[in-house]
Amino acid sequence: MLVNQFLFLAAILFCIGVYGVVARKNAVLVLMSIELILNAVNLNLVAFSLRNGSVDGHTFALYVIAVAAAEVGVGLGLVLLVYRNRRSISLDDLSEMKG
Amino acid sequence: MLVAQNIGFAIIATLMIVGALRVVTTSNVVHAALWLVVVLAGVAAQYLLLAAEFVAVTQVLVYIGAVMVLFLFGTMLTRSRIGRQDDLNNSYWKLGIPVALVVFAAMALALANSFGTEKMPNDAAVVSTQQVSDQIFGPYLLPFWALSFVLLAAVIGAIVLARKD
């Protein structure tokens, strides 16, 4: 197994996630794309952990998983709040900050 | 053994990339969530190939178990239509394609230059849960505490945000 095959897979997942964040309008789908990005990072951490023969990457990956779970919890709470106030979760409708 | 590993990697990686593309292109929110399950399960399988069994089990428990249920509840509670929806993309969604391609080109160049055809070590032992926990409760204890507070704050924050007052 090459080191690069895992790193390239992670890079592809990351770019698909970036595309999703840019292209999607539905807030839940944007959160899903962020999960893709975080998983790509985790794959990199674990791959480097095997390459360097150390366990640090596993620890970091577990911490990232925990932070991602917290992020999804708060993120969906925010989405529910937006939906309750506006009856829509389209990100294009949130334009009060526009000057 | 090594050939089998590579074939397994190729199959899982193809499934993951197809799943990820479907997540960002499908016009049905529930389908996107289910394709995301395919990607997350593929990531767990890659962790097993990378000899990280505890991380793989945590991935299945936390992501496929908990985060996906949260996503499906989010879809349900915001009454997104369960069927097809044609307005899931921005008007400027095409801009995302060059952005993603440029980011990928930069990363691919850097990776190809840095690692080339370097191979993973062949004789790597599976990392035991004991080693991981020795790391977490040894040198990385302080971030572990910080993380506990982050989770506590997230739980309280989610309740405060979502309750009706």
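Throughout, read-outs are computed from the coordinates displayed, never taken from laboratory work. What you see is a predicted model, and the numbers here were worked out from it, not measured in a lab. We place every Cβ from the backbone using ideal geometry, glycine too, and count neighbours over all the protein chains shown.
Excluding same-chain neighbours fewer than eight residues apart, the lysines reachable from B:Lys94 by a Cα-Cα span under 26 Å are A:Lys25, A:Lys98. Distance distribution P(r), the protein assembly as shown, all Cα-Cα pairs, bin width 10 angstrom from 0: 7, 28, 33, 22, 8, 1, 0 percent. With 5 Å bins beginning at zero, the pair-distance distribution over Cα atoms of chain A amounts to 2, 13, 17, 18, 17, 11, 9, 6, 4, 2, 0 %. Using Cβ point charges alone (K and R +1, D and E -1), the dipole size of the range A:25-88 about the Cα centre works out to roughly 400 debye. Mean-square fluctuation check for chain B, GNM, Cα pairs under 10 Å: which of B:Phe137, B:Phe73, B:Phe54 is largest? Comparing B:Phe137, B:Phe73, B:Phe54 in the GNM, the peak value goes to B:Phe137.
Pairs of Cα atoms nearer than 8 Å and 6+ residues apart set the relative contact order; for chain A it is 28 percent. Each of B:Asp123, B:Asp134 was scored by other Cβ atoms within 10 Å of its Cβ. Listed from fewest to most, they are B:Asp123, B:Asp134. What FRET efficiency comes out for the pair B:Phe137/B:Val99, r = Cβ-Cβ distance, R0 = 35 Å, nearest 0.05? It comes out at approximately 0.30. When the charge dipole of the protein assembly as shown is built from unit charges on Cβ atoms (+1 for Lys and Arg, -1 for Asp and Glu) and taken about the Cα centre, the candidate among B:Pro143, B:Leu40, B:Val69 whose Cα reaches farthest toward its positive end is B:Val69.
Rank these for me by crowding, A:Val82, B:Val18, going from fewest to most other beta carbons within 10 Å.
Working: A:Val82 19, B:Val18 14.
Final ranking by Cβ density, sparse to dense: B:Val18, A:Val82.
For the range A:17-25, backbone phi angles converted through the Karplus equation (6.51, -1.76, 1.60; θ = phi - 60°) give residue-by-residue couplings of x, 4, 4, x, 4, 6, 8, 7, 10 Hz, Gly and Pro being listed as x. Projecting the Cα atoms of A:Leu78, A:Ala27, A:Ser88 onto the charge dipole of the range A:25-88 (Cβ charges, centred on the Cα centre) puts A:Ser88 farthest toward the positive pole.
Put a dot 7 Å past the Cα of B:Phe73, heading toward its Cβ, do the same for B:Phe149, and the two dots end up 2.6 nm apart. Taking B:Thr25, B:Thr14, B:Thr117 as the candidate residues, the one with maximal mean-square fluctuation in a Gaussian network model of chain B, Cα springs under 10 Å, is B:Thr117. Potential lengthening of the chain between B:Ala106 and B:Ala124 amounts to 3.4 nm, from the contour at 0.36 nm per residue minus the alpha-carbon distance. One quarter of the convex hull surface built on the alpha carbon atoms of chain B amounts to 13.8 nm², the projected area averaged over directions. Projected label points at A:Met97 and B:Ile159, each 7 Å from Cα along the beta carbon direction, are separated by 2.9 nanometres.
Determine, for B:Trp35, B:Trp93, B:Trp145, the number of other Cβ atoms within 10 Å of each Cβ, and report the residues in order from fewest to most.
B:Trp145, B:Trp93, B:Trp35
Summing Lys and Arg as +1 and Asp and Glu as -1 over all other residues whose Cβ lies under 10 Å from the Cβ of B:Val39 gives a net charge of 0. Comparing Cα centroids, the range B:118-165 and the range A:46-61 end up 14 angstrom apart.
Centre-to-centre separation between the Cα atoms of the range A:72-86 and those of the range B:11-73: 23 Å.
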